[in-house]
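Take a look at the structure set out below.
Any read-out appearing in this document is the output of simple, stated calculations on the displayed coordinates, not a laboratory observation. As the structure is a computational prediction, the values presented were derived from the model and not from experiment. Using ideal geometry, Cβ is built from the backbone for each residue, glycine included, and neighbour counts are taken over all protein chains shown.
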2 protein chains.
Amino acid sequence: MKNSHLEMLMYLLGKCGLFEDIKSSTIKISKDMNYSQQTISRRLREMENLALIKRNSSPNGITIRLDQKGRKLLEDDYAILKKKFENAGNEIEGIIKNGIGEGKYYMSLEGYKKQFKEKLGFSPYPGTLNIISNKEKASFVLSKTKPVEIRGFKTKDRTYGSLICYNAKIKNISGAVIIPERGTHPKEIIEIIAPVYLRSKLHLKEGGKLKVSIC
Amino acid sequence: MKNSHLEMLMYLLGKCGLFEDIKSSTIKISKDMNYSQQTISRRLREMENLALIKRNSSPNGITIRLDQKGRKLLEDDYAILKKKFENAGNEIEGIIKNGIGEGKYYMSLEGYKKQFKEKLGFSPYPGTLNIISNKEKASFVLSKTKPVEIRGFKTKDRTYGSLICYNAKIKNISGAVIIPERGTHPKEIIEIIAPVYLRSKLHLKEGGKLKVSIC
DNA sequence: ATTACTATGTTGCGAGTAT
DNA sequence: TATACTCGCAACATAGTAA
């Protein structure tokens, strides 16, 4: 099976199901999949020969359903995807980094403080813990969770933007990841807040690894 | 993207993960996937251009990891597969059929009766309810559950084979699906047993639909 | 309408090879 | 050893058409 047919199986699965048939036509499918009617016709015949699908064609359409091997193939792929996506889990891992978190500054602003207490359920220690993590993995993990929005505000001097927060556990301490809302996507440096001074409470030092569970 | 690349993405996902890199070579991959080294090289370069993967090649190998779009594509497919496979659920639906269930005969044999009580937790009413169902769907649903085996036995006259049972709920009644162990795979007709006479208890009649939950 | 055949055009595979 | 180029040819997709 050189030209994998997986694409077609996925299409069919989406249209019908694991066991039901789909009543369609090679023309309809060709439009959906962006191949010619002839190609769809031929491929379906090939797939029937390979026992990937069951097929019943007539001058007024075609009825298709998955066959044994087609289902097996999809199931195997599902198993791989499931394993990888589920294991990706809800943890962000990173290396502790000293230095200038922007968050530290925010922590002390009255305009945010009240919202922290209200929406996150705690008053943050005035400072942030910063970790350097895989930006893409962090985006992925965070995207699975509903964010808590801390609204921005204005003073006569300047405007303060919104903050996007995610409830998190650091070891056993409930805290949050905060991301200044500019482009929404987290940067490599992730800032963590908590009701206590994490660094001393958890005996953390620069360069050490830390896992944060988003919840 | 005509020639879908999905196959390669699945391969890479299996080898590395959603965010980690894989250190490999086009030759290794070509052996795994049954394409030539040249084809793998070319395809990886194409996929890099399409932002499906990130790639770093050098005279001593190639480092690959998934990129944004590649992950998205896999995630979308995962969503479809998940929906379909999870919804396939644990129910077998069928049409009630009168007539000669082989099971009815077994129910009254002493060699089985004791085991039913022991292993299924009830003494079956001496008779079976038969439904005609989608054989493949039934196989699939049953395959997800651990069967209970009722051992066969011998009398001086003949040998009685094993029975494969699956705990099941019929409406609110706890019963079981039983399958004589010949080829292991269920036939179109599925036999159901329960501690009570289901047909009268549930007011069932031939031709009606019935759902059985495997548990 | 359809499906699916035949003939033609195009893509993409892989052997050889340069780096 | 690698990767990645060129290029001949096989495999594939599509147009036209028959049933």
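Annotations
- Between B:LYS201 and A:ILE95, the simple label model (points 7 Å from Cα in the Cβ direction) yields a spacing of 6.5 nm.
- Position A:LYS209, label points 7 Å along Cα→Cβ, spacing to each other copy in nm (shortest first, one decimal): 5.3
- With R₀ fixed at 30 Å, the C-beta to C-beta distance from B:LYS117 to B:ALA88 puts the FRET efficiency at about 0.40.
- Partner shielding of A:9-15 amounts to 3, given as the average count of beta-carbon atoms from other chains within 10 Å of each residue beta-carbon.
- With the convex hull drawn over the C-alpha atoms of the protein assembly as shown, the volume per residue is 255 Å³.
- In plain terms, the chain from B:LYS171 to B:TYR105 could stretch by 21.3 nm, reckoned as 0.36 nm per residue minus the Cα-Cα distance.
- Considering only chain A, the C-beta nearest to the rotation axis that sends A to B is found at A:LEU6, 3, the distance in whole Å.
- Two-site FRET efficiency, A:THR63 against A:GLU188, from Cβ-Cβ distance with R₀ of 45 Å, rounded to 0.05: 0.30
- Across identical copies of the chain, B:ASN60 has label-point separations of 6.9 nm, listed in ascending order, with the point defined 7 angstrom from Cα along Cα→Cβ.
- Principal axis dimensions, segment B:69-198 - Cα atoms, whole angstrom, descending: 68, 27, 25
- The H on the amide N of B:SER123, modeled in the peptide plane, is under 5 Å from the matching H of no residue at least 5 residues off or on a different chain.
- Computed from backbone phi with θ = phi - 60° and the Karplus coefficients 6.51, -1.76 and 1.60, the 3J(HN,Hα) list for segment A:163-178 is 10, 9, 10, 10, 4, 8, 10, 10, 6, 9, 9, 7, x, 7, 9, 10 Hz; x is used for glycine and proline.
- Amide hydrogen neighbours beyond the local backbone of A:TYR160, cut-off 5 Å, H modeled: A:PHE153, A:LYS154, A:THR155
- When the Cα positions of A:SER24, A:PRO147, A:TYR197 are compared along the charge dipole of chain A, A:TYR197 comes out farthest toward the positive end, with charges on each C-beta of Lys, Arg, Asp and Glu.
- Structure-based [θ]222 nm, chain B - -39500 (n - 2.57) summed over DSSP H runs of at least 4, per residue, nearest 500: -10000 deg cm²/dmol
- The distance separating the Cα centre of segment B:63-117 from that of segment A:62-104 comes to 22 Å.
- In segment A:51-138, taking the dipole from charged Cβ atoms about the Cα centre, the farthest positive-side position among A:ILE80, A:ASN60, A:SER123 is held by A:ASN60.
- Distant-in-sequence amide H partners of B:ASP67 (H built 1.01 Å from N, under 5 Å): B:ILE53, B:LYS54
- Among A:136-149, A:196-209, sorting by the average number of other beta carbon atoms lying within 10 angstrom of each residue, highest first, gives A:136-149, A:196-209.
- Hz values of 3J(HN,Hα) by residue in segment B:68-78 - Karplus curve (6.51, -1.76, 1.60), Gly and Pro given as x: 2, 5, x, 5, 4, 4, 5, 5, 4, 5, 4
- The 3J(HN,Hα) values that the Karplus relation (6.51, -1.76, 1.60; θ = phi - 60°) gives for segment A:138-146 are, in residue order, 4, 3, 4, 4, 5, 5, 7, 10, 6 Hz. Gly and Pro appear as x.
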